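Chemist: First the structure, then my questions, so here it is.
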Amino acid sequence: MADTQSKVLGRSELVSRVAEWKRAGDSIVLTNGCFDVLHVGHIRYLHGAKQLGERLIVAINADETVRNLKGAGRPRIPASERAEIIAALAGVDAVVEFSETDVRALVREIRPNVHAKGTDYTADSVPERDVVIECGGRVAIVGDPKDHSSTELLKRWKES
């Protein structure tokens, strides 16, 4: 439990931790998402992202942002619990919550080597692409085809 909690960071803590990792020569991978109702697609996505560098940072959408993106009744799991769940995964080095509509500001703050997104994007359609490149990083698409979705899972559960 303590190890999991130590991976959940505030923005300023994250900036300091990333600076330490970069001084040690580690490459930084940033990925982001809602991660509401964790499923195998999320696991494959995070595993693929981890393969791109030594340190994986997962930025999770704040509750209000999830509600704006996914609609009423979401998220099903509050941000603090989603952060703890993601932090418990072995390949994840840090988790941070963000309340903006995208992670452009976070990219500017930590300047990751790679910004990884799922297969529901292309390298050209990633919203933060311009800032990632401006900060010297690259965009990578990882994970399996978008055959899994929390929204679809919740819909199926409701119907059964």
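Chemist: For region 1-116, which fully contained helices (runs of 4 or more DSSP H) count at least 1 residues that are out of contact with any strand residue (DSSP E or B) (no Cβ under 7 Å at 6 or more places or on another chain), crowded, with 21+ Cβ neighbours inside 10 Å and touching a residue at least 24 places away in the same chain (Cβ under 8 Å)?
Modeler: In region 1-116, the matching helices (runs of 4 or more DSSP H) lie at 40-50, 63-70.
Chemist: Taking region 48-62 only, how many residues are farther than 21 Å from residue 13 by Cα and at pLDDT below 95?
Modeler: Residues that pass the stated criteria total 0.
Chemist: Do you know which residues across region 117-141 are open to solvent by 30 Å² or more (accessible area, probe 1.4 Å) and of a type outside the set (A, V, I, L, M)?
Modeler: Once the filter is applied, which keeps residues that are open to solvent by 30 Å² or more (accessible area, probe 1.4 Å) and of a type outside the set (A, V, I, L, M), region 117-141 yields 119, 120, 121, 122, 124, 125, 127, 129, 130, 134, 136, 138.
Chemist: Against the conditions (1) among the acidic types (Asp, Glu); (2) touching a Ser or Thr at 6+ places or on another chain (Cβ under 8 Å); (3) within 21 Å of residue 120 (Cα to Cα), where does residue 102 fall short? Just the number, please.
Modeler: The single condition residue 102 does not satisfy is (2).
The values are calculated or read from the model by the stated rules, or taken from the named source; none is laboratory data. These figures come from a predicted structure and were not determined experimentally. Glycine also receives a Cβ, built like all others from the backbone with ideal geometry; neighbour counts cover every protein chain displayed. The protein model used for the area step is the full one, side chains on, heavy atoms only, and it has no ligands, DNA or RNA in it. Shrake-Rupley method; radii C 1.70, N 1.55, O 1.52, S 1.80 Å.
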